[in-house]
Amino acid sequence: MISENIKEPKDYLCYSKEVLLSVGVLTDYPKIFHYYQELCDEFEHIYYDQSKSLFVQLKALLAIDAQIQILLELFENSRTNLCQEFCMDEHEIICMIKNDKKSYYRELTGQKNNQLPKWSLIYLSEE
């Protein structure tokens, strides 16, 4: 990904949308696709909201991005039906993603949840 090619939120979000559409999320998982659309709308709203500081915006954007990344990972690594694989319905999967966003970047960087995160922008989204 080349950051110079990203001029607005839609440029960044188009990759995840393409991936999710290609694996049939729109047709096979309508609640999850609706949730994804809500994340995208919220991402754009936060990006364009100039009333908040950059760090508050970054915190919110990272929290949304963590959820989108988890969604992508779930569907890219799913062998068959996601709900059957996890023994969860769509609502339960969405709840899991909302919960797991809190530690996504920490886990991504190899840190344990019981460790204090390093001082870094990437951890701003942690609650």
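The values are calculated or read from the model by the stated rules, or taken from the named source; none is laboratory data. These numbers come from a predicted model, not from an experiment. Here Cβ is always computed from backbone atoms with ideal geometry, including for glycine, and neighbour counts include all displayed protein chains. These accessible areas exclude ligands, DNA and RNA; they are computed on the full protein's heavy atoms, side chains included. Shrake-Rupley method; radii C 1.70, N 1.55, O 1.52, S 1.80 Å.
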Open item on the list: I'm told residue 98 meets every condition in (1) open to solvent by 50 Å² or more (accessible area, probe 1.4 Å); (2) farther than 22 Å from residue 78 by Cα; (3) assigned to a helix (DSSP H, G or I) except one. Can you identify the failing condition by its number?
Closed with: (2)
Task: Test for residue 83: is it open to solvent by 20 Å² or more (accessible area, probe 1.4 Å), touching an Asp or Glu at 6+ places or on another chain (Cβ under 7 Å) and of a type outside the set (Lys, Arg) - done: yes
Task: Unique residue being over 15 Å from the mean Cα position of the chain (by Cα), closer than 27 Å to residue 77 by Cβ and not small (Gly, Ala, Ser) when the list is 29, 36, 48 - done: 29
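The rows are residues; the columns are (1) under 25 Å from residue 107 (Cβ atoms); (2) hydroxyl-bearing (Ser, Thr, Tyr).
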position	(1), (2)
8	no, no
26	no, no
34	no, no
43	yes, no
48	no, yes
66	yes, no
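Residues checked against (1) among the hydrophobic types (A, V, I, L, M, F, W, C); (2) free of Cβ contacts under 8 Å to residues at least 60 places away in the same chain; (3) more than 29 Å from residue 29 (Cα to Cα):
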| site | (1), (2), (3) |
| --- | --- |
| 45 | no, yes, no |
| 79 | no, yes, no |
| 86 | yes, yes, no |
| 94 | yes, no, no |
| 103 | no, yes, no |
Task: Filter result for residue 32 (at pLDDT below 95 and in contact with a helix residue (DSSP H, G or I) (Cβ under 6 Å, 6 or more places away or on another chain)) - done: no
Open item on the list: On the basis of being of a type in the set (A, V, I, L, M, F, W, C), in contact (Cβ under 8 Å) with a residue 40 or more places away in the chain and more than 21 Å from residue 6 (Cα to Cα), does residue 116 make the cut?
Closed with: no
Open item on the list: Every residue in region 1-37 that is free of Cβ contacts under 8 Å to residues at least 12 places away in the same chain, under 29 Å from residue 83 (Cβ atoms) and among the hydrophobic types (A, V, I, L, M, F, W, C), please.
Closed with: 14, 21, 26
Open item on the list: Out of the helices (runs of 4 or more DSSP H) lying entirely within region 2-79, which hold 1 or more residues that are open to solvent by 30 Å² or more (accessible area, probe 1.4 Å) and under 23 Å from residue 124 (Cα atoms)?
Closed with: 9-22, 30-48, 54-76
